[in-house]
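Working notes, beginning with the structure itself.
The values are calculated or read from the model by the stated rules, or taken from the named source; none is laboratory data. All values derive from a computational prediction rather than experimental measurement. For neighbour counting, all protein chains shown are included, and Cβ atoms are generated from backbone atoms with ideal geometry for every residue, glycine included. Just the protein is used for accessible areas: all its heavy atoms, side chains included, with ligands, DNA and RNA removed. Shrake-Rupley method; radii C 1.70, N 1.55, O 1.52, S 1.80 Å.
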Amino acid sequence: MTKPIAAIILAAGSGTRMKSDTHKVLHPIAGKPMLLHLADAFTTAGAAEKVVVVGARREQVEAAVARLGVKIAHQVEQLGTAHAALMAREALEGFDGTVIVAFGDTPFLSAQTIAAMAARLEAADAPRVAVLGFRPDDAKAYGRIIADADGAIAKMVEYKDATDAERAVDLCNSGVTAVRAADLWPLLGRVGNDNAAGEYYLPDIVMLALADGDRAVVVETDADEVIGINSRAELAYAEDRWQAARRAQAMADGATLIAPDTVWFAHDTVLGRDVTVEPNVVFGPGVTVADGVIIRAFCHIEGAVIATGAEVGPYARLRPGTVLGEKSKVGNFVETKKAVLGKGAKANHLTYLGDAQVGEGANIGAGTITCNYDGFFKYPTVIGAGAFIGSNSALVAPVNIGEGAIVGAGSVVTKNVEADALALVRPEQTALAGWAKRFRAAMAARKAAK
């Protein structure tokens, strides 16, 4: 490609079929709004400019893309896709390159396809317009593309306006369109609304180009790449397709998924080689897993970094800010947040570690909690290398447990513990001989008297 690319992403519709207070294009796939999936694809393809056309609930969309450096165009009245694309003209004033119009509810459009469409405009036959087509199993009410074997388009027609013969064609229009900027604005300005819906259709620019004696072509892609999401059911289908592809990629890259269909990835999950993931594991955003890690069943992991050879679960919850060192262990019913465990450190069961730093080789006994929150502020707990925390201990932060120190089981530690010291914080055990037997007899007599 020699010409720069600009993206016009249409996101002005109200998305009423979602029945949601959240804008349709902001519903997530793999933990990321579908609009941002598409924006990332354009970034990967090297787009020099990105314009998002907003309308209904514009404030939500603008907030979602505020950090992406995109431009915003406003479509006050939703009069059709050609009208929406025309709203981006001012934002792209002076741009001289290829403009690709896409839809914010098609999150799987790839950078490779974007590049292929831009390159098609620069081919020897110099088409004026390139349209992305696909052949679904069920053509439903998609607009149809009538084209020859070489991809030259003879006609584009919306389903509502198509004849029975045209509806029988299985080549459908995704709506994604590539046009040189110098051609796009004149073509959009000529689009009329003499059709069944009374709207200004983007595909009509193809017919206008053909009427001018120019060439328009179709570039075909797989139907899954241009899935459009308009309902909760379609959102679930898209999530399923994304997850299936990601699971296959994880296994191809050297991870073992014991029951693939039960593992759920986020858009940015990173797995190393020889990672084993047991059934029913959910990865939230921000997880990086190094080589040789074992993640046992029923774990939920988000915002965590897990080093080589570590073991997690079963039934563990790792929350954002968790860092597990090499060959560390977080076992069943353990929850961590902003907790850093050093090499070989262990918290095997029934533990909460929040705002904690656990040194190399330290052992955290069952039932231990770091009391890190007083209702207003969070406080740190530092546990030194080789320390041993006995079962059912409460470490009231801020507190430091020195290297090699031992905290006796059942202790409530409120003061720092020196290195290699033993801390016992519990009352002396007493026993009253025969008391329990006398108590039971007295209570039984009282109950009988009633």
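Between Asn348 and Lys19, the modelled label-to-label distance comes to 5.0 nm, taking each label 7 Å out from Cα in the direction of the beta carbon.
Sequence-ordered 3J(HN,Hα) estimates for region 333-346 from the Karplus curve with 6.51, -1.76 and 1.60 and θ = phi - 60° stand at 6, 10, 10, 10, 8, 6, 10, 10, 9, x, 4, x, 5, 9 Hz, glycine and proline given as x.
Using the Cβ-Cβ distance between Ala409 and Asp222 with R0 set to 56 Å, the FRET efficiency from 1/(1 + (r/R0)^6) comes to roughly 0.40. Estimated from helices alone, the mean residue ellipticity of the chain at 222 nm is -6000 deg cm²/dmol (sum of -39500 (n - 2.57) over DSSP H runs with n ≥ 4, per residue). Heavy-atom surface analysis with a 1.4 Å probe gives region 84-220 a carbon and sulfur content of 47 percent of its accessible area.
Most mobile of Gly94, Gly313, Gly13 per a Gaussian network model of the chain (Cα springs, under 10 Å)? Highest fluctuation of the listed residues: Gly94. Given their separation in residues at 0.36 nm each and the Cα-Cα distance between them, Ile146 and Arg215 gain 23.5 nm when the chain is fully extended. Summarising the label geometry, the points placed 7 Å from Cα in the beta-carbon direction at Arg273 and Lys32 lie 2.5 nm from one another.
The alpha-carbon atoms of region 145-213, seen along their principal axes, cover 34, 32, 21 angstrom, with the largest extent given first. Between region 217-238 and region 156-171, the C-alpha centres lie 19 angstrom from each other. So in the chain, what percent of DSSP beta bridges are antiparallel if you round to the nearest 5? That works out to approximately 20 percent antiparallel. If you plug the beta carbon distance of Lys160 and Asp240 into 1/(1 + (r/R0)^6) with R0 = 41 Å, you get a FRET efficiency near 0.90. Computed over region 273-404, the P(r) curve from all C-alpha pair distances, binned at 10 Å from the origin, holds 15, 50, 29, 6, 0 percent per bin. So what does the Cα-only Debye profile of the chain read at q = 0.06 Å⁻¹, as log10 I(q)/I(0), no solvent term? Cα-only, vacuum Debye calculation for the chain: -0.41. Remark: region 261-277, residue by residue, has Karplus-estimated 3J(HN,Hα) of 5, 9, 9, 10, 9, 9, 4, 10, 4, 10, 10, x, 7, 6, 7, 10, 10 Hz, where x stands for each Gly or Pro and the curve is 6.51 cos²θ - 1.76 cosθ + 1.60 at θ = phi - 60°. With springs only between Cα atoms under 10 Å, which of Phe95, Phe283, Phe42 fluctuates most in a Gaussian network model of the chain? With Cα springs under 10 Å in the chain, the top fluctuation among Phe95, Phe283, Phe42 is at Phe95.
Springs join every pair of Cα atoms under 10 Å in this Gaussian network model of the chain, and among Leu324, Leu422, Leu187 the largest mean-square fluctuation is at Leu422. Compared with the direct C-alpha span, the chain from Ala248 to Asp420 gains 57.0 nm at full extension, assuming 0.36 nm per residue. Grab the other residues whose beta carbon is less than 13 angstrom from that of Leu318, score K and R as +1, D and E as -1, and report the net. Neighbour charge sum, excluding Leu318 itself: +3.
Listed cross-link partners Lys338/Lys415; Lys337/Lys415; Lys3/Lys140; Lys3/Lys50; Lys71/Lys160; Lys32/Lys346 are compared with a 27 Å cut-off, the Cα-Cα value being larger for Lys3/Lys140; Lys71/Lys160; Lys32/Lys346. Proximity of backbone amide H atoms, modeled 1.01 Å from N, is registered between Gly13 and no other residue at under 5 Å, excluding neighbours fewer than 5 places apart on the same chain. Separation of region 430-447 and region 308-381, taken as the distance between their Cα centroids, equals 43 angstrom.
Could you tell me the calculated FRET efficiency between Asp96 and Arg167, based on Cβ-Cβ distance and R0 = 35 angstrom, to the nearest 0.05?
Step by step, r from the Cβ atoms, then E = 0.35.
Summing +1 for each Lys or Arg and -1 for each Asp or Glu among the other residues whose beta-carbon sits under 15 angstrom from that of Leu92 gives 0.
Projected label points at Ser110 and Thr256, each 7 Å from Cα along the beta carbon direction, are separated by 3.0 nanometres.
Could you give me D for region 44-185, from Stokes-Einstein at 20 °C and 1.002 mPa s, where the hydrodynamic radius is the Kirkwood radius over C-alpha pairs? Units µm² s⁻¹, please. In µm²/s, the coefficient rounds to 129. Full extension of the segment from Thr308 to Ala445, taken as 0.36 nm per residue of separation minus the current Cα-Cα distance, would add 43.0 nm. Can you give me the Cα centroid spacing of region 133-149 and region 47-89 in angstrom? For region 133-149 versus region 47-89, the Cα centre distance is 27 Å.
Couplings 3J(HN,Hα) for region 419-430, derived from phi with the Karplus relation 6.51 cos²θ - 1.76 cosθ + 1.60 (θ = phi - 60°), are 4, 6, 8, 9, 10, 10, 10, 6, x, 5, 6, 10 Hz, where x marks Gly and Pro.
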